[in-house]
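Working notes for the structure below.
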């Protein structure tokens, strides 16, 4: 690539980023928010830059953004060495290596609980209703955490469908993390608490669920861990994929419903134009009711 080409690319990127230099909040149609430093349109998506230098960003469908409002909270300095994440339709994260930590203790003995996919769907629906969360979001978290494996145990000791750490499970009152109902109830409640804590900033809430609120506070946002970056990206992508599929299904069903609605008045009109039958006897008149014209 020549010097002029490189310079032109840098200038173009700079112009795109400069469209929104102040810290803003993107309010999505699903009620979640994404705090960002700047943004740039990229076809049908909008790239939201989470750091001033543009090293960390999230791509969301422009149609999913309801409005942009200024962020009235004090801005914080970005974390160093942040890795960029791009939430792109159709992309898939690669396996990530967790940050260095103290070697985990041996996982506790598992308590087996009989469960079926129908049971999981039922407990997710009940917990989502209880804590006023979209069940699709809860399912996306479960998919990223355990792949819907009830007895999953991570190398760090997280347990069950929503991978609750023993300390977190204890605080949430979950005595058996391998009980699907108790695990999903505790995990959904914890996710709701994180969303409220971060003013329904979905990115921060998911990052805190994965890396812990302490790390989000330390880095004033998503911590620079590859595992956490890919974790957040996979959940947002899976959640958006479900919503897009639902929108397409609704749009596909709309013409059929409209056709049925249009056919009904025509049928009523044709019935209204039918000539009434003249009864010759009182008994026939009682059986035949003249149609009411429009």
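Applying 1/(1 + (r/R0)^6) with r as the Cβ-Cβ distance of residue 149 and residue 242 and R0 = 35 angstrom yields a FRET efficiency of 0.95.
Under the simplified labelling scheme, the residue 249-residue 72 pair shows an inter-label distance of 3.9 nm, with each label point 7 Å from Cα along Cα→Cβ. Distance between the modelled labels on residue 29 and residue 226, one decimal in nanometres: 3.6 nm (7 Å Cα→Cβ projection).
A protection proxy built from the mean count of other Cβ atoms within 10 Å ranks the segments 150-156, 252-258, 64-70, most packed first, as 150-156, 64-70, 252-258.
What FRET efficiency do you get for residue 214 and residue 170 if R0 is 22 Å and r is their Cβ-Cβ distance, rounded to the nearest 0.05?
Working from the Cβ atoms, E equals 0.80.
Where a number appears in this text, it was derived from the coordinates with a stated rule and is not lab data. Everything numeric here is computed off the predicted structure, so don't read it as measured data. Here Cβ is always computed from backbone atoms with ideal geometry, including for glycine, and neighbour counts include all displayed protein chains.
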